[in-house]
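Notes follow the structure.
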Amino acid sequence: MKTIKIILGIISAFVLVFFLTGLLIKETNYSSQVFVNKSIDEVFYSFNNIENRKYWIPEVNSIEVIKENPGKIGSVYKVIIDNQGQEITMTEKVLAYVKNEKLTLFFDAENMLKRNDYLFTEKKGVTMITLNSSCQSESYIMACLYPYFKGTFQGQDQAYLNNFKALIEKKEPKS
């Protein structure tokens, strides 16, 4: 009987910590970075070409323009991705766009609300892309989980940046 009480006490402590996580941590933040051996003009142009996205984010099935503004800010896209056999539709909105400097995207993917701030800098022909991400959830249970998956989210975004680097470094310079 004493062993059962100890086990139940440990399980209760884990459950309490799990649910407190959602109350204490409202947003999961992380950064990723990649250096691309191309000019900032070429990197920024290729990065913002939505036709290229399916080549460096393999889960993307399609991207449909819902609203495209001349200055890009406020543009909205419907993105359909394949998440381990399950099709997920998300909305992507451009919050900030400064040519060759910054791109901020907001994603609404069912229970995940994600903001990606991409910063572009160049030094001696090498372009650095820095991604600062933040994730939130509309669901309390998912909000409790996100902090524990921070490494997974960061690893996935780093893999996407590495894929982009590989893609663009293979390409011939644009004319």
>> If I ask for residues that are touching a strand residue (DSSP E or B) at 6+ places or on another chain (Cβ under 6 Å), charged (D, E, K, R) and either under 17 Å from residue 29 (Cα atoms) or surrounded by fewer than 11 Cβ atoms within 10 Å (Cβ to Cβ) (or both), which ones from segment 148-175 would you list?
In response: 150, 157
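Of everything in segment 112-128, what is closer than 17 Å to residue 169 by Cα and buried (at least 16 other Cβ atoms within 10 Å of the Cβ)? Give them in sequence order.
120, 122, 127
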>> What pairs come out if I take residues in segment 136-147 that are closer than 13 Å to residue 24 by Cα and pair them with residues that are among the aliphatic types (A, V, I, L, M) and part of a helix (DSSP H, G or I) whose C-beta lies under 8 Å away, six or more apart or interchain?
In response: 136/143
>> Give me the residue from segment 67-78 that is free of Cβ contacts under 8 Å to residues at least 24 places away in the same chain and in a strand (DSSP E or B) and, out of that set, surrounded by the fewest Cβ atoms within 10 Å (Cβ to Cβ).
In response: 67
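Residues in segment 148-167: is at least one farther than 17 Å from residue 56 by Cα and touching a helix residue (DSSP H, G or I) at 6+ places or on another chain (Cβ under 9 Å)?
The answer is yes; a qualifying residue exists.
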> Here are 46, 32: which of them is surrounded by 15 or more Cβ atoms within 10 Å (Cβ to Cβ), touching a residue at least 40 places away in the same chain (Cβ under 8 Å) and assigned to a strand (DSSP E or B)?
Replying inline: 32
> Going through segment 130-147 one residue at a time, which ones are of a type outside the set (Val, Ile, Thr), more than 16 Å from the chain's Cα centre (by Cα) and either closer than 10 Å to residue 113 by Cα or surrounded by fewer than 19 Cβ atoms within 10 Å (Cβ to Cβ) (or both)?
Replying inline: 138, 139, 140, 142, 145
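Just name the residue that is nearest to residue 55 (Cα to Cα) out of those in segment 118-168 that are outside any strand (DSSP E or B) and basic (Lys, Arg).
For segment 118-168, the residue satisfying everything is 165.
Rule-based calculations on the coordinates, nothing more; no lab input. Just so you know, these numbers come straight off a predicted model, no measurement behind them. As a convention, Cβ positions derive from the backbone with ideal geometry for all residues, glycine included, and neighbour counts pool all protein chains shown.
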